[in-house]
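Heads up: the structure comes next, in structure tokens.
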Amino acid sequence: MIPFLKQVAKHYYKRGDIQKRCFIFPNRRSMVFFRKHLAQAVKEDARHVPLAVPRMMTINDFFYEV
């Protein structure tokens with residue numbers, strides 16, 4: 001069984017232009033795991049293209065910013 005955040009990371013990495021997106025998570029722990037899975041997706045890619053990290057924040061940070 002593939003973890004949900006790993007599926008999401010692979011999906012958006014394959015779509016491209018991930019650095020233009022903003023991901024909002026329920027807590028910081030899920031954000032850390034998403035970063036880990038995104039790094040793994042980049043590592044598994046044959047191109048090994050460097051990637052600018054997309055914007056990530058928790059729902060609390062998002063509401064504070066709005």
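Phi-derived couplings, Karplus 6.51 cos²θ - 1.76 cosθ + 1.60 at θ = phi - 60°, listed residue by residue for the range 43-50: 5, 6, 5, 5, 6, 6, 6, x Hz, with x used for Gly and Pro. The accessible surface of the chain, taken with every protein chain in place and a 1.4 Å probe, is 57 percent carbon and sulfur. Accessible surface area normalised per residue over the chain is 78 Å², counting heavy atoms of protein chains with a 1.4 Å rolling probe. Annotation: amide H of Thr58 within the under-5 Å range of Phe25, sequence separation 5 or more or interchain, hydrogens built in the peptide plane.
Between helix 4-15 and the chain there is an angle of about 60 degrees, using the helix long axis and the longest principal axis of the Cα atoms. Here each label is just a point 7 Å from Cα along the line to Cβ, and for Lys20 and Val53 those points are 2.2 nm apart. Summed over all non-identical Cα pairs, the Kirkwood treatment of the chain gives a radius of 12.4 Å. Charged side chains reduced to their Cβ positions (Lys and Arg at +1, Asp and Glu at -1) give the chain a dipole of some 180 debye around its Cα centre.
The values are calculated or read from the model by the stated rules, or taken from the named source; none is laboratory data. All figures in this text were calculated on a predicted structure; none of them were measured in a lab. Cβ coordinates were reconstructed from backbone atoms using ideal geometry, including for glycine residues, and neighbour counts include every protein chain displayed. The accessibility values were calculated without ligands, DNA or RNA, using every heavy atom of the protein model including side chains. Shrake-Rupley method; radii C 1.70, N 1.55, O 1.52, S 1.80 Å.
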